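Working notes, beginning with the structure itself.
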Amino acid sequence: MNAPLLAVHEADVADREEFRRAVLKGLSASPRAIPAKYLYDARGSALFDAICELPEYYPTRTETAILRQRSGDIARLAGPGCTLVEYGSGSSVKTRLLLDAMRELAAYVPIDISRHHLEMTASRLRRDYPRLTVDPVCADYMELQQLPQGTGSGPRVGFFPGSTIGNLTPDEAVAFLRRARRLLGETGALVLGMDLKKDPQRLHDAYNDSAGVTAQFSLNLLRRMNRELEANFDRASFAHDAFYNSAEGRIEIYIRSLRDQVVTVAGRRFAFVAGEGIHTEYSYKFDEVGISRMARRGGFSVREIWTDPSRLFAVAYLV
Ligand code: AVJ
């Protein structure tokens, strides 16, 4: 076997071991919870892409429209000669809107835990933007505090779209912003996409689509545990449960057991009573006051907040 293949294989083994540890810890906790990042295996990522096309799921197309309209403003605020740092590398349409507007970028630096995604992104962008320096960094962007020496130059502008920050609790979001401030520097800025508070029915529908794609996305975690951890979840005995908790301002998502049952995961047995849930996601919703407060606690201040005419989604420029 040649060296690159061996390296990929070793990465897979390490990933599987990390997944196993996280699942056993999460299923042993009470209430049970598995971190949202494990929803995104290959099938989960494809299902999330399908979610973004659903009529009920307005965030992706709304944020894209805001960015299309405001990319010139963003480029002006950023100024020439800066380095664009993207947290994650999965949102190529949105990225391209910024790259098209931000001429004279010193570099584009996507950060992603998946070497595969990173290489796909980098090679496509190098093909389509031959004059752009693409300098990918393979890391967990939630943890990363600094870029490798010599990455990019000029002021750094972070880009964290998709309301992915909404997966974090308020304290986690502030901790993330503080790390981002350290990474981006005092002269840096952050372009941050956030879903807004709105009619609860509209929020509910976005996570309970009539085609059942969001349910498939949630329940894919059971399939992943069955395949990767030799678990024996009967997927027909569990259901997707997503609802808006207005007191907390967040969508909460659970995989709920439909009956009393015992499941084996990685050689360990877990008993579920009917109605018991495994928490998989929060999706926090924001308003302008909350955005300002979170930004301030995270070491930023709000320079601009752009929204769509229906005020469904916001893109903030934090400095
Ligand atoms: C990728 C975290 C922004 O919270 O709307 C969509 C994930 N989960 N439908 C969101 C998600 C179910 C999504 N984020």
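The values are calculated or read from the model by the stated rules, or taken from the named source; none is laboratory data. If you're wondering where the values come from, they're calculated on a predicted model, not measured in any experiment. Cβ: placed from backbone, ideal geometry, glycine included. Neighbour counts: every protein chain shown. Surface accessibility is based on the protein's heavy atoms, side chains included, excluding ligands, DNA and RNA. Shrake-Rupley method; radii C 1.70, N 1.55, O 1.52, S 1.80 Å.
Listing for the model above:
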read-out	value
Among (1) at pLDDT below 95; (2) more than 28 Å from residue 45 (Cα to Cα); (3) in a helix (DSSP H, G or I) - the single one residue 77 does not satisfy	(1)
Residues (part of a helix (DSSP H, G or I) and away from the ligand (no atom under 14 Å from the Cβ)) located in the range 32-50	42, 43
Close pairs from the range 34-54: first free of Cβ contacts under 8 Å to residues at least 24 places away in the same chain, partner near the ligand (Cβ under 10 Å from one of its atoms) and open to solvent by 20 Å² or more (accessible area, probe 1.4 Å), Cβ under 7 Å, at least 6 apart	40/48; 52/60
Cβ-Cβ under 6 Å pairs, at least 6 apart or on other chains, the range 16-30 side open to solvent by less than 20 Å² (accessible area, probe 1.4 Å), far side of a type in the set (Gly, Ala, Ser)	26/33
One residue from 151, 95 being part of a helix (DSSP H, G or I) and in contact (Cβ under 8 Å) with a residue 60 or more places away in the chain	95
Criterion violated by residue 263 - all others in (1) surrounded by 20 or more Cβ atoms within 10 Å (Cβ to Cβ); (2) under 20 Å from the mean Cα position of the chain (by Cα); (3) over 20 Å from residue 164 (Cβ atoms) satisfied	(2)
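A quick yes/no check of all residues on (1) crowded, with 21+ Cβ neighbours inside 10 Å; (2) among the hydroxyl-bearing types (Ser, Thr, Tyr):
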{"site": "143", "(1), (2)": "no, no"}
{"site": "153", "(1), (2)": "no, yes"}
{"site": "160", "(1), (2)": "yes, no"}
{"site": "175", "(1), (2)": "no, no"}
{"site": "181", "(1), (2)": "no, no"}
{"site": "196", "(1), (2)": "yes, no"}
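Residues checked against (1) among the β-branched types (Val, Ile, Thr); (2) open to solvent by 10 Å² or more (accessible area, probe 1.4 Å):
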{"position": "257", "(1), (2)": "no, no"}
{"position": "281", "(1), (2)": "no, yes"}
{"position": "289", "(1), (2)": "yes, yes"}
{"position": "314", "(1), (2)": "no, no"}
